[in-house]
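Reviewing the structure listed below.
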Amino acid sequence: MLKRIKFNKIKKFLGKLPKILTKRAFLFFLLFLSVFLILGGFLFYKYSILIDRETPEVVEVIKFNKKLYQEVLEIQQTKQQQFEEANLKEYPAFFKID
């Protein structure tokens, strides 16, 4: 069977939480400080120290494909010519009053 969430208990606990935190503020400060120091140390170790130790693997050498490059240049030139031709075309003024 599914258990229902009792919102009244959660609401009571959240209502008492500020009182609990003020009574034990120093202990909560030490707890949160230690958690964040451990988390920060882990992130520093993962993203700074481990990266320096690992060497990147070279999978394959990239070769320049001249034929494909020429095809791309031709497509770009045709698009440029179409753009220039569209710029020269004059359209009628629909809203001009004679």
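The values are calculated or read from the model by the stated rules, or taken from the named source; none is laboratory data. Just so you know, these numbers come straight off a predicted model, no measurement behind them. Neighbour counts run over all protein chains shown; Cβ positions are idealised from the backbone, glycine included.
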Breaking point among (1) under 31 Å from the mean Cα position of the chain (by Cα); (2) at pLDDT 80 or above; (3) among the aliphatic types (A, V, I, L, M), for Leu73: (1)
Failed item, numbered, when Val58 is tested on (1) among the hydrophobic types (A, V, I, L, M, F, W, C); (2) loosely packed, with under 10 Cβ neighbours inside 10 Å; (3) part of a helix (DSSP H, G or I): (3)
Exclusive hit being at negative phi, loosely packed, with under 10 Cβ neighbours inside 10 Å, at pLDDT below 85 and not in a helix (DSSP H, G or I), set Phe94, Phe64: Phe94
Condition check for Arg53: surrounded by fewer than 10 Cβ atoms within 10 Å (Cβ to Cβ) and basic (Lys, Arg): yes
Test for Gln81: is it among the polar types (S, T, N, Q) and under 35 Å from the mean Cα position of the chain (by Cα): no
Residue check for Phe32: surrounded by 10 or more Cβ atoms within 10 Å (Cβ to Cβ), part of a helix (DSSP H, G or I) and free of Cβ contacts under 8 Å to residues at least 60 places away in the same chain: yes
